[in-house]
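To start, the structure under review is shown below, and the notes come after it.
The values are calculated or read from the model by the stated rules, or taken from the named source; none is laboratory data. This is a predicted model, so every value here is computed, not measured. Glycine gets a Cβ as well: all are built from the backbone with ideal geometry, and neighbour counts include every protein chain shown. Note: accessible area is taken over every heavy atom of the protein model, side chains too, but ligands, DNA and RNA are not part of it. Shrake-Rupley method; radii C 1.70, N 1.55, O 1.52, S 1.80 Å.
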Amino acid sequence: MLPNHKLFGVFLPIANGGWIISKNAPRLDGLYQTNREAAIIADRIGLDFIMSMSKFRGFGGETNHWATSMESMTMMAGLAEVTKNVKVWATMHALLSNPGVVAKMVTTLDHISNGRAGLNIVAGAYREEFSQMGAWDDTLTHGDRYQLTEEWITIIKRLWSEPSVTFKGRFFDMEDCQSDPKPLSKPRPDLIAAGQSDRGFDFSTTHADACFIGGRSIEERRGFSKRAREIAAEKGKTIRVCSMCTVIHDDSDAKAEAMLQRFEDGKDLGAIMAQMKSWGLAPDSLAAAARKMGASQNHTVAGSPETCREKIEHYIETCDLDGVMLIFPDYKTGLEMFGGILPKLRQRFPATSHEPV
């Protein structure tokens, strides 16, 4: 179960380039040792969780962004062995993996971590990423993919708690399916989902403990946070709402702002356009849209450590967030810095009134 305070975690750089698409950003390689070092620091400084995405195809461009990546579940199992307290959240795509297999994989991660496992559920996908494996079905709509994912997670949760599962659905057919041992986590491993459509929020508030939101502005993120809570309230529930936050620091505000500008000056337009194409943007609008998109595509704070702390506090309060998942241009120096400001953030946000679903 998620702790009853504001959550602070880190989005691991599981693919090359991390989360800043720029020729001028540090050269993150996306490989295991880089992620291992980040996980150990995150655990030592007292973060709540570490999470990795699941990615199988990059976006090219001058930086060949995300062309090199680790597999999420197996990497998190390795990181569970080198950490002691931090939650270890892996990502799986419902379209790619049978729920019986995923239930067993997450249970194994939960046993390796002694009850610290979590599953980030992805209902959608990038078409090119899945079609390269013959795993894309053009006949499935957005709603179909969520229906599939609802069947998928329903089966997984039942396998974690029931001796045998028989399930006859539109997408899955399980007959006396068994999965032992059960997870150590009580009542079950953490479940996380991202999405900001009403359909996505309906899924999160029904099945997950926390939902992650994005948005192009503070106002849009605040609106998504409010909407997620409204949909949960309509069901007589609550939902934890979290968001990503890129943190760029230096020993002065001016130096940090200059660093951010260098990243913007070197943003990889080719990779950003390929990413936007995968989102479904029309080809004739890609170039203009990419020029407007920042190198850091998430909410970004820049400044001295104290300025970053103040800006993170403002972000949490303004958008009514229950937590942030941190991104850094350099994870070693960024996490070490964050360890210095985390005690003040804990003091400022000792608990949250929003309980998990």
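Dipole orientation for segment 165-288: of the candidates Ala193, Gly215, Phe172, Phe172 has the Cα lying most toward the positive pole (charges on Cβ; Lys, Arg +1; Asp, Glu -1). Selection among Phe224, Trp160, Phe203 by position relative to the dipole of segment 157-228 gives Phe224 as farthest towards the positive end (Cβ unit charges, Cα centre).
Rolling a 1.4 Å sphere over the protein heavy atoms, what is the accessible area per residue of segment 34-102, to the nearest Å²?
Details: 2450 Å² over 69 residues.
Each residue of segment 34-102 exposes 36 Å² on average to a 1.4 Å probe.
The magnitude of the dipole of the chain, with charges of +1 and -1 set on the Cβ of Lys/Arg and Asp/Glu and taken from the Cα centre, is near 380 debye.
Here Arg262 and Thr166 are evaluated by their C-beta separation; at R0 = 41 Å the FRET efficiency comes out at 0.10. Computed from point charges on the beta carbon alone (+1 for Lys and Arg, -1 for Asp and Glu), the dipole magnitude for segment 50-114 about its Cα centre is near 100 Debye.
P(r) for the chain, from all Cα pairs and a bin width of 10 Å, is 5, 24, 36, 26, 8, 1, 0 %, short bins first. Under the definition of Cα pairs under 8 Å and six or more residues apart, what whole-number percent is the relative contact order of segment 250-356? Relative contact order of segment 250-356: 28 percent. Projection of the Cα convex hull of segment 186-231, averaged over all directions and equal to a quarter of that hull's surface, yields 3.2 nm².
Along its three principal directions, the equivalent ellipsoid of segment 1-147 from the Cα gyration tensor extends over semi-axes of 25, 22, 13 Å, largest first.
What FRET efficiency would be calculated for the residue pair Ala287, Asp180, taking the C-beta separation as r and a Förster radius of 51 Å, to the nearest 0.05?
Numbers: r = 54 Å, r/R0 = 1.06.
The calculated FRET efficiency here is 0.40.
Here the accessible area is traced with a 1.4 Å probe on the protein chains. For the chain, carbon and sulfur cover 52 percent of it.
Tell me, in nm to one decimal, what length is gained between Val101 and Trp136 on full extension, where the rule is 0.36 nm per residue of separation less the Cα-Cα distance?
Working: separation 35, 0.36 × 35 = 12.60 nm, distance 1.95 nm.
Extending this stretch completely gives an extra 10.6 nm.
Put the Cα centre of segment 283-336 next to the Cα centre of segment 200-270 and the gap is 8 Å.
For Tyr126, Tyr315, the ranking by accessible surface with the largest value first comes to Tyr126, Tyr315, using a 1.4 Å probe.
Mean sequence separation of contacting Cα pairs (under 8 Å, at least six apart), scaled by the length of the chain, corresponds to a relative contact order of 22 percent. Quick one: grab the alpha carbon gyration tensor of segment 158-212, order the square roots of its eigenvalues as a ≥ b ≥ c, and give me rounded if a/c is under 1.5, else prolate or oblate depending on whether a/b is larger than b/c. Oblate. Using the beta-carbon distance between Asn4 and Glu81 and R0 = 35 Å, what value does 1/(1 + (r/R0)^6) give for FRET efficiency, to the nearest 0.05? That gives a FRET efficiency of 0.80. The heavy atoms of Arg36 offer some 80 square angstrom of accessible surface to a 1.4 angstrom probe.
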